[in-house]
Amino acid sequence: MQSLHGDFTTWLLLVMSLLVVVLWYRRFFQTTPHSVVRVVFFPFSHISEILNIRQHPAVFPICYCYLYCIDCILAMLFIFSPYIGLAEWGIFLISEAFLISIYLFRLEKLRSVLICLTVIMLYAAWGAFSTSQARDDQVLNAFDFGECTYLLFASSWIIFRIIKEDRFEQDLVAFFTFFGVVTYAALQIIATIIMAFDFRENEDFSFFAVIITFTFWLLAVPWIRRLRYKLT
């Protein structure tokens, strides 16, 4: 996860993540007079869609960017603390890995969902505890590498299955959703490798990885609409 620093960086991420949330919600969810309230409380107002991500793949970019909105607001309101940073990292990791696992493994039964969530939470807790004990960012970087590698392979497999089973037209939203995840994960893996060699001057590579992913998701909305029009 990108650690926020600098007013410009924070505002840019806030604006872009907010745009992704609004555009994807408006395009892929039914809007009502109460849509603003439902967006503000998205993780709670759309819990059924989140748990049924195979039918609503748009929840992935919406949830991810929703968390980034919250992260940016907290960064502007409070002084950064390493413990807050670890908590934010854990929340992002759990959300990303949990959502893609539900889609990948077709988790439907409550028991399977809870087991998956527990395993991911234990991994996040292990990473946060190990980092706090070692007081070394490289420990967190190693856990980040592991999670991003999982995201890369999982999202790549999803896209491969969509293409192989000739489901591009039916799973158009899923294709663009997880292609964005592939982009994000690949760039974040490069960022973790750069950090592993302690090239601190290249730390902003992670920031650009997020910007590129947000830009892709923003451009994907009109692209999906145009492709749907042509395919129908």
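The values are calculated or read from the model by the stated rules, or taken from the named source; none is laboratory data. On a predicted model such as this, the values are computed, not experimentally measured, just so you know. Virtual Cβ from ideal backbone geometry, glycine too; neighbours counted across all protein chains shown. Each accessible area value is taken on the protein alone, full model and side chains, heavy atoms only, with ligands, DNA and RNA left out. Shrake-Rupley method; radii C 1.70, N 1.55, O 1.52, S 1.80 Å.
Of all residue pairs spaced 6 or more apart or on separate chains, none has beta-carbon atoms under 7 Å together with a first member in region 119-145 that is at positive phi and a second member that is of a type outside the set (D, E, K, R) and open to solvent by less than 60 Å² (accessible area, probe 1.4 Å).
Of the residues screened, residue 96 is one that is at pLDDT 95 or above, open to solvent by less than 80 Å² (accessible area, probe 1.4 Å) and assigned to a helix (DSSP H, G or I).
Give region 155-178 a look and list any residue that's touching a residue at least 40 places away in the same chain (Cβ under 8 Å), under 22 Å from residue 24 (Cα atoms) and assigned to a helix (DSSP H, G or I), or say none.
Correct list: 155, 158, 172, 173, 174, 176, 177, 178.
All of 79, 70 fail the test of being without any contact (Cβ under 8 Å) to a residue 40 or more places away in the chain, closer than 19 Å to residue 13 by Cβ and outside any helix (DSSP H, G or I), apart from 79.
Pull up region 26-59, narrow it to residues that are assigned to a helix (DSSP H, G or I) and open to solvent by less than 10 Å² (accessible area, probe 1.4 Å), then point me to the one that is nearest to residue 95 (Cα to Cα). Checking each candidate, the answer is 59. If you check residue 206 against the conditions, is it in a helix (DSSP H, G or I), small (Gly, Ala, Ser) and open to solvent by 20 Å² or more (accessible area, probe 1.4 Å)? It is false that residue 206 is in a helix (DSSP H, G or I), small (Gly, Ala, Ser) and open to solvent by 20 Å² or more (accessible area, probe 1.4 Å).
Given the structure, is residue 132 under 25 Å from residue 194 (Cα atoms), assigned to a helix (DSSP H, G or I), touching a Phe, Trp or Tyr at 6+ places or on another chain (Cβ under 6 Å) and not aliphatic (A, V, I, L, M)? It is false that residue 132 is under 25 Å from residue 194 (Cα atoms), assigned to a helix (DSSP H, G or I), touching a Phe, Trp or Tyr at 6+ places or on another chain (Cβ under 6 Å) and not aliphatic (A, V, I, L, M). Only one of the listed residues (124, 154, 185) is in contact with a Gly (Cβ under 6 Å, 6 or more places away or on another chain), modelled with pLDDT of 95 or more and surrounded by 14 or more Cβ atoms within 10 Å (Cβ to Cβ). That residue is 124.
Residue 215: of a type outside the set (A, V, I, L, M, F, W, C), modelled with pLDDT of 95 or more and either surrounded by fewer than 16 Cβ atoms within 10 Å (Cβ to Cβ) or part of a helix (DSSP H, G or I) (or both), yes or no?
Values: of a type outside the set (A, V, I, L, M, F, W, C): yes; modelled with pLDDT of 95 or more: yes; either surrounded by fewer than 16 Cβ atoms within 10 Å (Cβ to Cβ) or part of a helix (DSSP H, G or I) (or both): yes.
So residue 215 passes the test.
Report yes if some residue within region 71-93 is over 21 Å from residue 191 (Cα atoms), out of contact with any strand residue (DSSP E or B) (no Cβ under 9 Å at 6 or more places or on another chain) and open to solvent by less than 20 Å² (accessible area, probe 1.4 Å); otherwise report no. Checking region 71-93: not a single residue is over 21 Å from residue 191 (Cα atoms), out of contact with any strand residue (DSSP E or B) (no Cβ under 9 Å at 6 or more places or on another chain) and open to solvent by less than 20 Å² (accessible area, probe 1.4 Å).
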